[in-house]
Amino acid sequence: LADMAAASAPLPFPGRYLQGPRRDFFKIGAALLWGGYPQQALPYLQAALDRAPQSQRILLLVAQIHLEGKRTAQARKLLQEALSADPASAEAWNELGGVEMAEGNPKAAIECYRKALDSKPDLTYTLLNAAHAYGQTGDQATAEKAYRRALELDPSLADAANGLGLALAEQHRPEEAKKAFQRAIEIRPD
């Protein structure tokens, strides 16, 4: 009963409660995250994760915040938890690829991106990430294929057109690279 009184103290409504007030930490954390405040969102999302430790959505969001904050060990741990619950989670494999890239392991990242694309072959952001990783390993031909596939799926991806231009330039194909760069500029003139 003392906990109930403490929990209701900040509420402006007198009386007895049949159930204690409960905050939706996920909604608060998500609002802060999507509002551009990831570090402020973290305690709320962590509290939501404490309530639902197997929630894929919350595990991925908290892992993304840790990855953006360059806390790769924490991100890796959360992503491995997500993958133990759902080994085919394309989103978790994609984020784990991001952890590998952040730690300077593009070959390991490629394996993660492959697993993500095995589950969902049309994820454009994973294709872009994979293309970037291939480029880091010097495999520009495979990077080119991934960029082209991303552009097939979404012709408005300026990043894919720009990446394609870089991959083509690395392969000493300047005219094709120029066309890809021009396409990127047409898509996003800024």
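The values are calculated or read from the model by the stated rules, or taken from the named source; none is laboratory data. Given the structure is predicted, the values throughout are model-derived calculations rather than measurements. We place every Cβ from the backbone using ideal geometry, glycine too, and count neighbours over all the protein chains shown. All accessible areas refer to the heavy atoms of the entire protein, side chains included, with ligands and DNA or RNA removed. Shrake-Rupley method; radii C 1.70, N 1.55, O 1.52, S 1.80 Å.
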**OP:** Return a yes/no flag: does the range 35-53 have any residue that is touching an Asp or Glu at 6+ places or on another chain (Cβ under 7 Å) and under 28 Å from R149 (Cα atoms).
**Re:** no
**OP:** Could you please give the count of residues in the range 6-33 that are under 23 Å from D50 (Cα atoms), surrounded by 11 or more Cβ atoms within 10 Å (Cβ to Cβ) and either modelled with pLDDT under 75 or touching a strand residue (DSSP E or B) at 6+ places or on another chain (Cβ under 7 Å) (or both)?
**Re:** 4
**OP:** Give the range 106-128 a look and list any residue that's among the polar types (S, T, N, Q) and within 13 Å of the chain's Cα centre (by Cα), or say none.
**Re:** T124, T126
Subject >> Search result, residues across the range 106-116 that are more than 18 Å from A82 (Cα to Cα) and either at pLDDT below 95 or open to solvent by 60 Å² or more (accessible area, probe 1.4 Å) (or both) >> reply: K107
Original post:
What pairs can you find where one residue is in the range 67-90 and farther than 17 Å from K120 by Cα, the other is surrounded by fewer than 17 Cβ atoms within 10 Å (Cβ to Cβ) and of a type in the set (S, T, N, Q), and their Cβ atoms are less than 6 Å apart, with a gap of 6+ or different chains?
Top reply: A85/Q54
Original post:
Would the range 39-51 turn up any residue that is surrounded by fewer than 19 Cβ atoms within 10 Å (Cβ to Cβ), closer than 23 Å to G138 by Cβ and among the aliphatic types (A, V, I, L, M)?
Top reply: no
Subject >> Qualifying residues in the range 58-88 (those that are open to solvent by less than 10 Å² (accessible area, probe 1.4 Å) and among the small types (G, A, S)) - the one nearest to L117 (Cα to Cα) >> reply: A82
